[in-house]
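Nothing in this text is a laboratory measurement; each read-out follows from the coordinates by a stated rule. This structure is a prediction, so every number in the text was calculated from the model and none was measured. Here the Cβ is made from the backbone with ideal geometry for all residues, glycine too, and neighbour counts use every protein chain on show.
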Amino acid sequence: MYQHVQHYAGDPILSLVETFQNDPRPNKISLAIGIYFDNNGKMPLPNSVLTAEKQIGFGVKSYLPMEGHAGFRTEVAKLILGADNPVLTENRVVVVQTLGGSGALKLGAEFIHRWLPQTKMYVSDPTWDNHRGIFEGAGFEVGSYPYYDANTIGVRFTQMCAFFNTLPENTVVLLHPCCHNPTGVDLSPEQWDTILQIVAERKLIPFMDMAYQGFGGDFDSDAYAIRKAVAMNLPLFASCSFSKNMSQYGQRVGALLVLAPNAAEAELVLGQMKLNVRHIYSSPPAQGGLIAYYVLSNKELLIQWQTEVYEMRDRIRQMRQKLYDVLSRRLPEKDFSYFIKQRGMFSYTGLTVAQVQRLRDEFAIYLLDSGRLCVAGLNDGNIDAVADAMAAVFKT
Ligand code: PMP
């Protein structure tokens, strides 16, 4: 009956995690998956989030509305757009609680494909693998725009601008407002100003995917591009995720924001979002939404949580610095400053596929084939081994 069903080879990142788990070598180190680990190699639960969980408790939770918890939706808009953003009082920001950042991308992609008359969208080259899958799954033809420059380990900004300048009206461009996944290479505020000006002139639709707010600069500066797009009154879609910054990986907490031209159109957009939710999964998970709401709406917990995220950010920065220090000492002829310039959990290391393979085979250190390293997987206990191994393979 199912013989004709096409075989699925598996997700490249998740398959690598499985290979790692089956690796018998006791000294193995995984830097492949995008999860924040603390200095003891454990997934921490921020104290602020733990307090919220205790307050909420284990009692029965009824269904949330299709669009999610009302208080959560209000607080998320404040976190992303800034609490005093004038647009918040204009009733034209649509917010839907979603199943993580992935769910927000899916809901936004399906809405755009159904209601706006174009089928083409572009992601950065490279991008998080699943962007392509999610948008193709919603019916889009997905292309890529120039982004990462392997020679400078920076952005091909001139080419990126030139490419955007060729795109027809209503084309969707997926952008990472902070902590670009997989490269760690971000645009500067000035570069954002330039790109968003092109987006405005060519009437493109910016879809900003922010899965790492708080891990780059701070909660406000990480949202710079989104807030600028709102100030420019662009037809913005923004997805966010609390998987990493609240350690809510498995609870599936995220949100989709849409900036509509006016309150009446916002109502229409929200209605179709609700309908789509109803037809797919009916309503989002209550527990994670309540936890995030509790943290975001309580002034003290909010400050505590943001401080805890900054501690994670700072630990990642220390690991970057240490990697830079060791590698620069070992290979003084090579410039490793990109490790400290990059932001967020990931780093494009500049390692080739063959070098990544060597790290895996000879040193039991797992990176993605692209050379992406999850800096948040480094700690005081493994960084020397990783830096030594990287220095060895960089030499070849
Ligand atoms: N966008 C980006 C850029 C991501 O890195 C991730 C998570 N890896 C997501 C979206 C999805 O977030 P979630 O895990 O909350 O679905």
**Asked** Using the Cα atoms as the points, what is the convex hull volume per residue of segment 1-89 in Å³?
**Response** 295
**Fill in**
Longest principal axis of the chain (C-alpha) makes with the long axis of helix 189-201 (C-alpha) an angle, in degrees to the nearest 10, of 40
**Asked** Can you give the calculated 222 nm mean residue ellipticity of the chain, where each DSSP H run of n ≥ 4 adds -39,500 (n - 2.57) and the sum is split over every residue, rounded to the nearest 500 deg cm²/dmol?
**Response** -14000 deg cm²/dmol
**Request:** Towards the positive end of the charge dipole of the chain, with charges on Cβ (+1 Lys, Arg; -1 Asp, Glu), say which of 324, 254, 226 has the farthest Cα.
**Result:** 254
**Item:** Cα-centre dipole for segment 138-248 with unit charges at Cβ (Lys and Arg positive, Asp and Glu negative), debye to 20
**Value:** 140
**Asked** residue 78 versus residue 2, label points 7 Å from Cα toward the beta carbon: distance in nm?
**Response** 4.7
**Complete:** Counting sequence-distant residues (5 or more places) and residues on other chains, those with an amide H built under 5 Å from that of residue 208 are 175, 237, 238, 239
**Complete:** Scoring only Lys, Arg, Asp and Glu (+1, +1, -1, -1) among other residues with Cβ under 14 Å from the Cβ of residue 88 yields +1
**Prompt:** Of all DSSP beta bridges located in segment 49-301, what percent are antiparallel, nearest 5?
**Reply:** 45
**Message:** Helix 47-56 against the longest principal axis of the chain: what's the angle in degrees, Cα atoms only, rounded to the nearest 10?
**Reply:** 40
**Message:** Using Cβ counts within 10 Å as a stand-in for footprinting exposure, how do 328, 221, 124 rank, fewest first?
**Reply:** 221, 328, 124
**Message:** With a 10 Å cut-off between alpha carbons and a GNM built on the chain, which of 93, 142, 309 moves the most?
**Reply:** 142
**Complete:** Computed curve, the chain, Cα-only Debye sum without solvent term, log₁₀ I(q)/I(0) at 0.07, 0.12, 0.14 Å⁻¹, is -0.32, -0.98, -1.31
**Message:** Can you compute the FRET efficiency between residue 314 and residue 22 using 1/(1 + (r/R0)^6), with r the Cβ-Cβ distance and R0 = 45 Å? Round to the nearest 0.05.
**Reply:** 0.85
**Prompt:** Which residue fluctuates the most in the chain, going by a Gaussian network model with Cα springs under 10 Å, if the choices are 260, 70, 292?
**Reply:** 70
**Asked** Can you sort 167, 268 by how many other beta carbons sit within 10 Å, fewest first?
**Response** 268, 167
**Complete:** Taking Cα atoms only, helix 70-81 is inclined relative to the longest principal axis of the chain by an angle, in degrees rounded to 10, of 60
**Request:** May I ask for the Kirkwood hydrodynamic radius of segment 156-228, worked out over all distinct Cα pairs and given in angstroms to one decimal?
**Result:** 12.6
**Message:** Check which residues have an amide H placed less than 5 Å from residue 68's amide H, if you skip close sequence neighbours.
**Reply:** 97
**Request:** For segment 303-308, take each phi angle, set θ = phi - 60°, evaluate the Karplus expression 6.51 cos²θ - 1.76 cosθ + 1.60, and give the result in whole Hz per residue in order, putting x for glycine and proline.
**Result:** 5, 4, 4, 4, 4, 5
**Request:** Please report, in debye to the nearest 20, how large the charge dipole of segment 49-301 is about its Cα centre when each Lys and Arg carries +1 at its beta carbon and each Asp and Glu carries -1 there.
**Result:** 640
